[in-house]
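Presented below is the structure to which this report refers.
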């Protein structure tokens, strides 16, 4: 408020000079008549009022630590900071054996998944297509279909197409049998693979 005090002091001095009978009289002529003095006074009062309002507003906006109702209030915006100690632990991933998933498989749901395979395979015995027929495939020896030209990747495999082996192949064919000609990228959900194998197990077995 130091600037305001100086401004008020200068305003009073100017008013005294304006109101002085010695000011403005030169050669018997008044330089300031009553109307001029009134306008000057009104202008000073308006400027002083504007300055007072500006000072009051700035004090209200930028004051920090002023007391109100017995408490200290600090201007600003609250920022919520997450408490590191309250962070929830990461959900533990539990590996489930395929045998357990397969025991609860739904062959009916697997029939719907079979549509992804029927473009290249058939469920009719002896009817090969782009891939060998899958009639009785569950439990069948690998690369054992007569008349089908298997890729080197499949020929390198040993054993039978057990549910576990079919699960590994359906999950990632190129990883299970490197060099396979099968273009299928794989079935990611273990539940889907179990359901599909359960459905194939009902065909020809």
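A short reminder: the numbers here are calculations on the coordinates, not readings from a lab. Values in this document were obtained by computation on a predicted structure and should not be read as measured data. Neighbour counts run over all protein chains shown; Cβ positions are idealised from the backbone, glycine included.
Could you grab the relative contact order for segment 98-200? Cα pairs under 8 Å, six or more apart, rounded to a whole percent. Don't skip to the answer; put the middle values down first.
Details: 154 pairs, mean separation 37.9, N = 103.
About 37 percent, as a whole number.
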* To do: Sort the following peptides by mean Cβ neighbour count (other Cβ atoms within 10 Å, averaged over residues), highest first: 167-178, 136-147.
  => 167-178, 136-147
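Enter the per residue convex hull volume of segment 98-200, computed from alpha-carbon coordinates, in Å³ rounded to the nearest integer. Could the numbers behind the result be given before it?
On the way: hull volume 9.2 nm³, N = 103.
Spread over its residues, the Cα hull of segment 98-200 gives 89 Å³ apiece.
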